[in-house]
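K.L.:
This structure is in structure tokens; I'll ask about it shortly.
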Amino acid sequence: MTRLLLSVGIMLPGNLPADTAINIAAMTGRLGFTAVYLTEVPSQDQLERLVHAAAPAQVLVPPPSGATGVVWVNNPDTVAKARAEGVERPLRVCVPISIGRTMSEAEARAALEPRFEGDRHPRHAGIFGTFEQAQDQVLALARAGADELLLEVPLERDVADVLAQIRALVVGATPQLVDAPLADGRTAPPQTVFYSPPHFRW
């Protein structure tokens, strides 16, 4: 079985057309994501369809914004603080994400997603940049003690490609890779200080 660096779930907004939500849920299940989180509880019929489509991934409601054990910004220091303060349940990092093969692709995906505005733009609060930059950010969160990524993904285009890239971020990392510093010559993430405006709380 392929080792995961972190478990990862995908958040689905409540305003998605029913068939679109079903298709995305099916992709998450096939790609090995652990969960689909719904921001709104659908009708019983739609919920049953989502559960069937997403299997073996679970269909869940995300934790409320003030929940213990949830960090809402991509900041390893905030994750480490939450872990040091005795979070006993799995520690989730709930952030938006926009990545691409180039920075331009990551920027274009984020620009097309209406949910990514203001403080919740991936550049400010989430995982953002090229695949290599995103991998460095995910490794840093794992080193800091995160157990799960709960991700808001851009849904306006190339959803299957986005999900495949996200899945690759968390597959097959060895302990040596987790413990390794940023390699010489590697490009640091756009903000190595990791997107932590002072008003964000975990």
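K.L.:
With the structure loaded, tell me whether Ala21 is part of a helix (DSSP H, G or I) and either without any contact (Cβ under 8 Å) to a residue 12 or more places away in the chain or of a type in the set (A, V, I, L, M, F, W, C) (or both) or whether it fails that test.
P.N.:
Taking the combined requirement at face value, the residue satisfies it.
K.L.:
Kindly indicate whether Gly14 is of a type outside the set (S, T, N, Q) and open to solvent by 10 Å² or more (accessible area, probe 1.4 Å).
P.N.:
For Gly14, the condition - of a type outside the set (S, T, N, Q) and open to solvent by 10 Å² or more (accessible area, probe 1.4 Å) - is met.
K.L.:
Give me the residue from segment 29-42 that is under 20 Å from Asp147 (Cβ atoms) and touching a helix residue (DSSP H, G or I) at 6+ places or on another chain (Cβ under 6 Å) and, out of that set, modelled with the highest pLDDT.
P.N.:
Among residues in segment 29-42 that are under 20 Å from Asp147 (Cβ atoms) and touching a helix residue (DSSP H, G or I) at 6+ places or on another chain (Cβ under 6 Å), the one modelled with the highest pLDDT is Val36.
K.L.:
Considering only segment 42-77, state which residues are touching a residue at least 24 places away in the same chain (Cβ under 8 Å), surrounded by 13 or more Cβ atoms within 10 Å (Cβ to Cβ) and closer than 15 Å to Pro13 by Cα.
P.N.:
Once the filter is applied, which keeps residues that are touching a residue at least 24 places away in the same chain (Cβ under 8 Å), surrounded by 13 or more Cβ atoms within 10 Å (Cβ to Cβ) and closer than 15 Å to Pro13 by Cα, segment 42-77 yields Pro42, Gln46, Leu50, Val59, Leu60, Pro62, Pro63.
K.L.:
Are any of the residues in segment 58-79 under 21 Å from Glu156 (Cα atoms) and under 14 Å from the mean Cα position of the chain (by Cα)?
P.N.:
No, every residue in segment 58-79 fails to be under 21 Å from Glu156 (Cα atoms) and under 14 Å from the mean Cα position of the chain (by Cα).
K.L.:
If a residue has to be in contact with a strand residue (DSSP E or B) (Cβ under 9 Å, 6 or more places away or on another chain), open to solvent by 40 Å² or more (accessible area, probe 1.4 Å) and within 18 Å of Ala164 (Cβ to Cβ) to count, how many in segment 103-146 make the cut?
P.N.:
Within segment 103-146, residues that are in contact with a strand residue (DSSP E or B) (Cβ under 9 Å, 6 or more places away or on another chain), open to solvent by 40 Å² or more (accessible area, probe 1.4 Å) and within 18 Å of Ala164 (Cβ to Cβ) number 2.
K.L.:
If I ask for residues that are in contact (Cβ under 8 Å) with a residue 24 or more places away in the chain and on the phi < 0 side of the Ramachandran plot, which ones from segment 27-41 would you list?
P.N.:
The answer is Met27, Thr28, Gly29, Leu31, Phe33, Thr34, Ala35, Val36, Tyr37, Leu38, Thr39, Glu40.
K.L.:
Evaluate the following for Thr174: is it open to solvent by 20 Å² or more (accessible area, probe 1.4 Å), at pLDDT below 90 and either closer than 29 Å to Arg30 by Cβ or hydrophobic (A, V, I, L, M, F, W, C) (or both)?
P.N.:
So Thr174 passes the test.
K.L.:
Here's a follow-up. Any idea which of Leu163, Leu155 is within 14 Å of the chain's Cα centre (by Cα) and outside any loop (DSSP other than H, G, I, E, B)?
P.N.:
So the residue among Leu163, Leu155 that is within 14 Å of the chain's Cα centre (by Cα) and outside any loop (DSSP other than H, G, I, E, B) is Leu163.
The values are calculated or read from the model by the stated rules, or taken from the named source; none is laboratory data. Note that the coordinates shown come from a computational prediction; the quantities given were computed from them, not determined experimentally. Cβ: placed from backbone, ideal geometry, glycine included. Neighbour counts: every protein chain shown. We work out accessible area using only protein heavy atoms, side chains counted, and drop any ligands, DNA or RNA first. Shrake-Rupley method; radii C 1.70, N 1.55, O 1.52, S 1.80 Å.
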